[in-house]
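Undergrad: For reference, the structure I am asking about is given below.
The values are calculated or read from the model by the stated rules, or taken from the named source; none is laboratory data. This structure is a prediction, so every number in the text was calculated from the model and none was measured. Here the Cβ positions follow ideal geometry from the backbone for every residue, glycine too, while neighbour counts run over all protein chains shown.
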Amino acid sequence: MALPYILWAVVFIVVPLCMVIFYGITDDNGSFTMSNIATIAESGYFKALVKSVLLAVISTIICFLLAYPLGMILSSMKLKRNTYIVTLFILPMWMNFLLRTLTWMTLLEGKGVINTVLSFFGLPGINIINTSSAIVLGMVYNFLPFMILPIYNSLSKIDDNVINAARDLGAGTVQTFLKITLPLSAPGILSGITMVFIPALTTFAISTMLGGSKILLIGNIIEQQFTQAYNWHLGSGLSIVLMIFIFINMIIESMADKKGGQG
């Protein structure tokens, strides 16, 4: 039964990864080199990487701060998985990613919908298009459902008897949250962080559309190496650097998961 998936994974995951690694550690002559990976240490590339990590961290934190209270509200309502309220949070994910981002371009541009409405009421306009703030806004909007769903799933699985027992033993609201709810929902938090941080770190479409190509993230540089400079070796080398960050994120999540299970 697993054979179709194994074939799919080999053809579309394993083989492309092997190609990226091969191009990343070789030059045009096919000779082994680490210069493609070492290029990340150069000023322009390193600044783009730092900028990408910073915006990804900010977006992940904002998503968490928005998703956790909402997850608690939804779980307290005892909603079923097929209720329309839960579907509302999944619905935006059915729309094309680029169309959703393009919508924000229309909303935020100088003569866009938001500024037109503000001007109608005599209020000063906003000018955040082509800035880091617009990129963060786009990331939060696109990736927020990936934080909400795992957190809501973890919170909905917490037995009410555990919460009631803590309160019967004299624990207050804050103590119950810190000692019971938060630790038990840790797997959902870790999954949400991974599902938001990784795509936010590697994105290039959001920064291109909402940043106006004025703010280059590491994803933009990699995309340009493949599609404009046709330097697959350098693009693959920089991709390997991102893969290292992803592996580190996965290792930290695994360690935290084991620690939480032992606790």
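Undergrad: Might you check whether a residue that is more than 22 Å from the chain's Cα centre (by Cα) and free of Cβ contacts under 8 Å to residues at least 60 places away in the same chain occurs anywhere in the range 131-148?
TA: Looking through the range 131-148, none of the residues is more than 22 Å from the chain's Cα centre (by Cα) and free of Cβ contacts under 8 Å to residues at least 60 places away in the same chain.
Undergrad: On to the next question. Looking for something of a type outside the set (D, E, K, R), in a helix (DSSP H, G or I), in contact with a Ser or Thr (Cβ under 9 Å, 6 or more places away or on another chain) and within 26 Å of Ser132 (Cβ to Cβ) - is there at least one such residue anywhere in the range 30-40?
TA: No, the conditions are met nowhere in the range 30-40.
Undergrad: Next question, about the same structure. Please find, within the range 52-68, the residue that is farthest from Leu216 (Cα to Cα) out of those that are of a type outside the set (Phe, Trp, Tyr) and buried (at least 18 other Cβ atoms within 10 Å of the Cβ). Explain how you work it out, then say what you get.
TA: Looking only at the range 52-68, we keep the residues that are of a type outside the set (Phe, Trp, Tyr), and these are 52-63, 65-67.
Among the residues that remain, those that are also buried (at least 18 other Cβ atoms within 10 Å of the Cβ) are: 52, 55-56, 59-60, 62-63, 67.
On the way: Ser52: 9, Leu55: 12, Ala56: 14, Ser59: 17, Thr60: 19, Ile62: 21, Cys63: 22, Ala67: 28 Å.
In this case the residue turns out to be Ala67.
Undergrad: Another question, if that's okay. Quick one: Gly192 ticks every box in (1) among the small types (Gly, Ala, Ser); (2) crowded, with 20+ Cβ neighbours inside 10 Å; (3) more than 22 Å from the chain's Cα centre (by Cα) except a single one, so which number is it?
TA: Result: Gly192 fails condition (3) only.
Undergrad: May I pose another question? Kindly indicate whether Leu217 is touching a Lys or Arg at 6+ places or on another chain (Cβ under 7 Å) and surrounded by 21 or more Cβ atoms within 10 Å (Cβ to Cβ). Even if it seems obvious, please write down each step before you answer.
TA: Numbers: touching a Lys or Arg at 6+ places or on another chain (Cβ under 7 Å): yes; surrounded by 21 or more Cβ atoms within 10 Å (Cβ to Cβ): yes.
For Leu217, the condition - touching a Lys or Arg at 6+ places or on another chain (Cβ under 7 Å) and surrounded by 21 or more Cβ atoms within 10 Å (Cβ to Cβ) - is met.
One line per residue, one yes/no per condition, for (1) among the β-branched types (Val, Ile, Thr); (2) within 29 Å of Ile13 (Cβ to Cβ); (3) at pLDDT 95 or above:
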| residue | (1), (2), (3) |
| --- | --- |
| Asn161 | no, no, no |
| Ala165 | no, no, no |
| Lys179 | no, no, no |
| Leu190 | no, yes, no |
| Ile215 | yes, no, no |
| Ala229 | no, yes, no |
| Ile240 | yes, yes, yes |
| Met243 | no, yes, no |
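Undergrad: Something else now. Any idea how many residues of the range 227-237 are assigned to a helix (DSSP H, G or I) and under 20 Å from Asn29 (Cβ atoms)?
TA: Summing the residues that are assigned to a helix (DSSP H, G or I) and under 20 Å from Asn29 (Cβ atoms) in the range 227-237 gives 6.
Undergrad: Pairs, please: C-beta under 7 Å, at least 6 apart or cross-chain, first residue under 17 Å from Phe204 (Cβ atoms) and in the range 95-114, second polar (S, T, N, Q)?
TA: Close Cβ pairs satisfying both conditions: Phe97/Asn142; Arg100/Asn142; Thr101/Asn142.
Undergrad: Select from the range 149-165 the residues that are among the hydrophobic types (A, V, I, L, M, F, W, C) and within 25 Å of the chain's Cα centre (by Cα) and list them in ascending order.
TA: Leu149, Ile151, Leu155
Undergrad: A further question follows. Do you know which residues across the range 172-186 are in contact with a Ser or Thr (Cβ under 8 Å, 6 or more places away or on another chain) and buried (at least 19 other Cβ atoms within 10 Å of the Cβ)?
TA: Scanning the range 172-186 gives a single hit, Ser185.
Undergrad: If Ala205 meets every condition in (1) touching a residue at least 12 places away in the same chain (Cβ under 8 Å); (2) more than 30 Å from Phe46 (Cβ to Cβ); (3) of a type outside the set (Ser, Thr, Tyr) apart from one, which number is that one?
TA: Among (1) touching a residue at least 12 places away in the same chain (Cβ under 8 Å); (2) more than 30 Å from Phe46 (Cβ to Cβ); (3) of a type outside the set (Ser, Thr, Tyr), the lone unmet condition for Ala205 is (2).
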